[in-house]
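S.K.: Mind looking over this structure? Questions follow.
Laboratory data are not the source of any read-out in this text; all were calculated from the coordinates shown. As the structure is a computational prediction, the values presented were derived from the model and not from experiment. Here Cβ is always computed from backbone atoms with ideal geometry, including for glycine, and neighbour counts include all displayed protein chains.
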Amino acid sequence: MVEIKTSAEIDAMREAGRVVARALQAAVKHAAVGVRVDELDEVAATVIAEAGAKPAFLVTGLGEPGGAEHLSAIGALHAVAGAMGAPVGPMEGLWWVEDDRPGLEVPREQWRWHLLLPLPAAPEPGRLEQARESVRPTCAAADRVRVAVFTEGQCVQMLHHGPFSEEHMTLKAMEEFMNENELVPNGPHHEVYLTAFDDPDPRTLLRQPVRPA
C-alpha cells in the first residue's frame, strides 16, 4: 500500500532532512583518525538537539517490565548518569511490539522498549565514554547506554494515577478520544514515570504520538 503524505507531513519531512544534513556535515568536520564513532554520534546529537529535539540517555531492549533485562537497563542508565553528574529528568519509556496484534495482547516478554533519561543538553564529546568506563567494573550493561535525540510532534496524553496493571483503562479513554477526533497512532506508546517504580501510589503520564487518520 502506498501512503499519500499531506502537505504538512511533507514539509516536516523536508525540515527533518535539512536537520539531518546539518548533523552529518558537523560529523564529517570532526571525523579524523582516532576519533571514535560514539564521539561523532554526540556531535550529531548536539546539532539535532539545537534544532528542537530532546537529548537523552537511552537503552534499547526486549522483555517484560520489571524483568531482568529491563531492570539491568534502568541500573545502567542511572549508573552512567550518576558518573557524569548529569541532571536528568524522570525515566521515560517508549514501548512497541513487532506483531499485528494490539500490544496488550502480545506476551510481555515480547515487548520492545527504549528506556530514556532526558538530559538538559547533549554531553560534550567523549564524556559518555568516560562515564561508561568509570562504571564498567560494577555495571556490565554500561556499554548499552548511548545518547539519542527524539521528538514526537502532536500527541494525545493523559495522567494515569494508579498501578501499571490498570493502565489499560486510561489507554482505552485515550483511544476513544483519538477515534472521536479522527486521529491514529504515529509512533510508539510513550510513558513518563513521575514516581519511582516501587512507589505505592504511582503516577504515570501516558502519551501517544498521533496524526490525522
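S.K.: Counting other Cβ atoms within 10 Å of each Cβ, which GluC sites (Glu not before Pro) in segment 31-101 have at most 10 and sit in a DSSP loop?
M.R.: Sites meeting the loop and neighbour criteria: Glu98.
S.K.: Can you pull the one-decimal nm distance between simple spin-label points at Phe164 and Ile10, each 7 Å off the Cα toward Cβ?
M.R.: The modelled label-to-label distance comes out at 4.3 nm.
S.K.: At what distance in nm do the modelled label points of Arg36 and Glu129 sit from each other, each positioned 7 Å from its Cα along Cα→Cβ?
M.R.: Placing both labels 7 Å along Cα→Cβ, they lie 0.4 nm apart.
S.K.: Would you mind getting me the FRET efficiency between Asp143 and Ala21? Use the beta-carbon distance for r and R0 = 25 Å, nearest 0.05.
M.R.: 0.25
S.K.: Still on this structure, please answer the following. When Cα extents along the principal axes in Å is calculated directly from the model, which label among [x] 59, 40, 36; [y] 54, 46, 28; [z] 78, 41, 31 fits?
M.R.: Evaluating Cα extents along the principal axes in Å on these atoms matches [y].
S.K.: In percent, what relative contact order does segment 53-212 have, based on Cα pairs under 8 Å that are 6 or more apart in sequence?
M.R.: 28 percent
S.K.: Ranked from highest to lowest mean number of other Cβ atoms within 10 Å per residue, what is the order of the peptides 121-133, 72-84?
M.R.: 72-84, 121-133
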